[in-house]
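Structure record follows, encoded as structure tokens.
Values quoted throughout were computed directly from the atomic coordinates according to the rules given, and no laboratory measurement underlies them. Given the structure is predicted, the values throughout are model-derived calculations rather than measurements. Note: ideal-geometry Cβ built from the backbone for every residue, glycine included; neighbour counts use all protein chains shown.
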Amino acid sequence: MEHRYNHHNRRKYSLKVHIVLVTKYRKQLLKDIVADSLKQKIYDISNAKGYEILAIETDKDHLHILLSYDTTDKVCNIVKILKQESTYYLWTQYPNLLRKHYWKKKILWSDGYFACSTQDVSLTTIQHYIENQG
């Protein structure tokens, strides 16, 4: 059970988030080599920033990521970094493809995102644990 938590500078934590990013106008661009390139870039960004990718998959017009992150990170900043760096990368790799779908350069993702915190134990288990303290 102890191995489920991260330890760093007197902190013990287990923070995980499920993030969903959707392409602008729901364009179905995340297929084949583009999807593979995107996933590799997300892994590269995550490794550089200290996030741990637990699961990642694309489905034509959206990307699902389950990642673990540090207490000093904010989900909104993680999303911002992932969107910015992946957009720039894919525009450098596939400019002709993206130019066909987006009139304005450097667009890939819709403005919003979905994020949901997750944990290894259920809400009921945590409530029971808290209620039985003391």
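The computed P(r) over Cα pairs in 10 Å bins from 0, in percent for the structure shown corresponds, within (i) 12, 44, 34, 10, 0; (ii) 12, 42, 31, 12, 3, 0; (iii) 11, 39, 28, 14, 7, 2, 0, to (iii). For the chain, the longest principal axis of the Cα atoms and the long axis of helix 32-49 meet at an angle of about 50 degrees.
One chain, two ends: Phe114 and Gln93. Fully extended at 0.36 nm per residue, the span grows by 5.0 nm beyond their Cα-Cα distance.
Model label points for Lys80 and Gln40, set 7 angstrom from Cα along the Cα-to-Cβ axis, are 2.9 nm apart.
Taking the Cα atoms only, what angle lies between the long axis of helix 75-93 and the longest principal axis of the chain, rounded to 10 degrees? Helix 75-93 and the main axis of the chain meet at about 30 degrees. Panel order for Trp103, Trp91, by other beta carbons found within 10 Å of each beta carbon, from fewest to most: Trp103, Trp91.
In plain terms, the chain is cut at each of the trypsin sites (Lys or Arg not before Pro) found in a DSSP loop with at most 15 other Cβ atoms within 10 Å, and the longest leftover piece is 32-73.
At R0 = 30 Å, how high is the FRET efficiency between Asp32 and Glu131 if r is their beta carbon distance? Nearest 0.05 is fine. The value I calculate is 0.05. Note on the chain: helix-only mean residue ellipticity at 222 nm, from DSSP H runs of 4+ residues weighted -39500 (n - 2.57) and normalised by residue number, equals -12500 deg cm²/dmol.
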